[in-house]
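Report on one structure; see the data block that follows.
Any read-out appearing in this document is the output of simple, stated calculations on the displayed coordinates, not a laboratory observation. Small disclaimer: the values here were computed from a predicted structure and weren't measured. Note that we place each Cβ from the backbone using ideal geometry, even for glycine, and neighbour counts take in every protein chain shown.
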Amino acid sequence: MPVLKRFLKILGYVIIATLLTAMGIALLNQPKSLSNTSKSLTLDAAYRQSIANTALEHLAQATTYRIVGYDDANNDSINHNSILAFHAWLKRTYPLLAARANWEVINQHSLLITLKGSSKEAAAMFIGHMDVVPTPDSAQWKHGPYSGRIVKDTLWGRGALDDKNVVIGLMEAAERTLALGLPIKRTLLFGFGHDEETGGSHGASAIAQHLIKHKIPVAFISDEGFGVMKGIVPGLKNDCAIIGLSEKGFVSVKLKVKQLGGHSAWPNPENATAILSKGLSKLEHHQFASNLEQPVRGLFTEAAPYMNFGYRLLFSNLWLTAPLVKMVLQGGEKTAATIRTTHVTTIMRAGNKENVVPPTAEAIVNLRLFPGHSIAAAMDEIKDVLNDPRIEISTYAEGREATPVSAANGDGYDQIKAAIQANFTETVVVPGLVITGTDCKNYTAVTNRMYRFVPFEFSASNLSSIHGINEHITRKQFGKGVEFYMDLFQRL
């Protein structure tokens, strides 16, 4: 008993010391001022309003060009006339940029625009995509998705948020920069792909190959990603701008079972559909390991000082609280996706007649891979979970590993962060992981510094319209985005 009492006493002291240490760390982890960064150029109110007015009108016109990415389209059939018409419209709409920059059409449809700077530093590259997803639900829209309608300072149209807003925002900023006679210190590259929504294998990939072939050095790439988000980080009252340092990989896995078929009047209990169903049930109840490695860890540790004390205590002490944080994040669909590889069955096939036992059954399982979790490792884990040699496992379509994690400091990141702080006051800037795909995955051989961020404010209402119905952006939203790019160009 004395030994037990002594042990419990020591354990109590350790627990108290640990809690006091954690509270001390949280108390010392105080926020820094978010209003110390000045804008790199001063624009009066009238000029800023003219930016907002003209830019939204141009974006509205851009959304009328139907450059739609269909999964079954190939590079020779994808909206050829619409794409070339859009190229011509860009040159007409931005005459100074058309005269000063070098425009190259890559692989029939994509654009690489080079605006030469005075510096010999490697170029800063900004990428976006001209294509949009289909609108089979167009009858449900308030306004036609390709009508370019502006109603009460809001543009409704496919591409308003993904991703013609980035393409036009960059063009507006570059044209305004030239019109004001502002210096172009570092060479700016604008790479606009035409098939991002179907993987970018003909667009962004071809631009990347062109850069490599011609030995054009690129310091960093800025692409679409998160924006200035409201209410996305628990415990954080400030707006939060997330700069994506990496994006998840993806692969689709085919599970197939072959068994004897026959008449449904005398079924074998070990038929193909039964075997596959049992395997899928095992897989659906299995979750890949969660982790709080970079870039997810950086999001919480850098946001922690600006949170209320309870969350600050939690996120300032991940050395102690990581298991609890994982448990909390695993409770939500979107938050769980940020800390582990996810999987879901998307297609099932078996049989073609109601009284015939099918001899084969198959399912397609789509995986989104956390950085560092390879396709091969995920496939091995699935095989172990199923533990049934009757279920054949193979890749359904070519996958892509998660992209490398870019540095959360230095060239590119620092300038983007400063431009955010100058243009979106009291916004906390943090690194993060993009759980969807971008064209950045096609540029991994061009540079190891890729940053995914769009300078637009998002809330739940307009975020849900991306790839959905009633996609829209406001005049103020878009105008601030153009000003951001103008500011950023001057920081390079």
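Given Cα pairs under 8 Å that are at least 6 residues apart, what percent is the relative contact order of segment 247-400?
48 percent
Of the peptides 115-123, 150-158, the ranking by mean beta-carbon count within 10 Å, highest at the top, reads 150-158, 115-123.
Any idea what % of Cα-Cα pairs in segment 178-228 are farther than 15 Å? In whole percent, the long-distance tail amounts to 62. The distance between label points at LEU84 and SER147 comes to 3.1 nm (points 7 Å beyond Cα on the Cα→Cβ vector). Under 20 Å of direct C-alpha separation, and excluding same-chain neighbours fewer than eight residues apart, LYS120 reaches these aspartates and glutamates: ASP411, ASP414. Amide H contacts for GLY225 (H built 1.01 Å from N in the peptide plane; partners 5 or more residues away or on another chain; cut-off under 5 Å): PHE453, VAL454.
Once the C-beta distance of LYS254 and THR42 is scaled by a Förster radius of 60 Å, the resulting FRET efficiency is 0.55 to the nearest 0.05. Placing dummy labels 7 Å off each Cα toward the beta-carbon, the span from GLN49 to GLN287 is 5.2 nm. Summed over qualifying helices (DSSP H, 4 residues or more, each -39500 (n - 2.57)) and divided by its residue number, the chain shows a 222 nm mean residue ellipticity of -11500 deg cm²/dmol. Hydrophobic, long helices, defined as DSSP H runs whose alpha-carbon span along the helix axis is 30 Å or greater and whose mean Kyte-Doolittle value is at least -0.5, occur in the chain at 2-28. For the pair SER374 and ALA336 in one chain, pulling the backbone fully straight at 0.36 nm per residue adds 11.8 nm over the alpha carbon distance.
Mind giving me the FRET efficiency for HIS214 and ASP414? R0 is 30 Å, r the Cβ-Cβ distance, nearest 0.05 is fine. So, using R0 = 30 Å, E works out to roughly 0.60. Close Lys pairs in segment 247-400 (alpha-carbon distance under 18 Å; sequence gap of 8 or more, or different chains): 13. Here's the picture: charge each Lys and Arg Cβ at +1 and each Asp and Glu Cβ at -1 in the chain, and of HIS263, SER205, PRO359 the one pushed furthest to the positive end of that dipole is SER205. Kirkwood radius for the chain, taken over all pairs of different Cα atoms as the inverse mean of 1/r, rounds to 25.0 Å. Partner lysines whose Cα lies under 16 Å from the Cα of LYS152, excluding those fewer than 8 positions away in the same chain, are identified as LYS142, LYS476.
Return one quarter of the surface area of the convex hull spanned by the alpha-carbon atoms of segment 247-400, equal to its mean projected area, in nm². Seen from a random direction, the Cα hull of segment 247-400 projects 10.9 nm² on average. The stretch between LEU463 and ALA322, if pulled fully straight at 0.36 nm per residue, gains 47.9 nm over its current Cα-Cα span.
Taking a point 7 Å from the Cα of THR425 along the Cα-to-Cβ direction, the residues of segment 234-260 with backbone N closer than 19 Å to it are 237-241.
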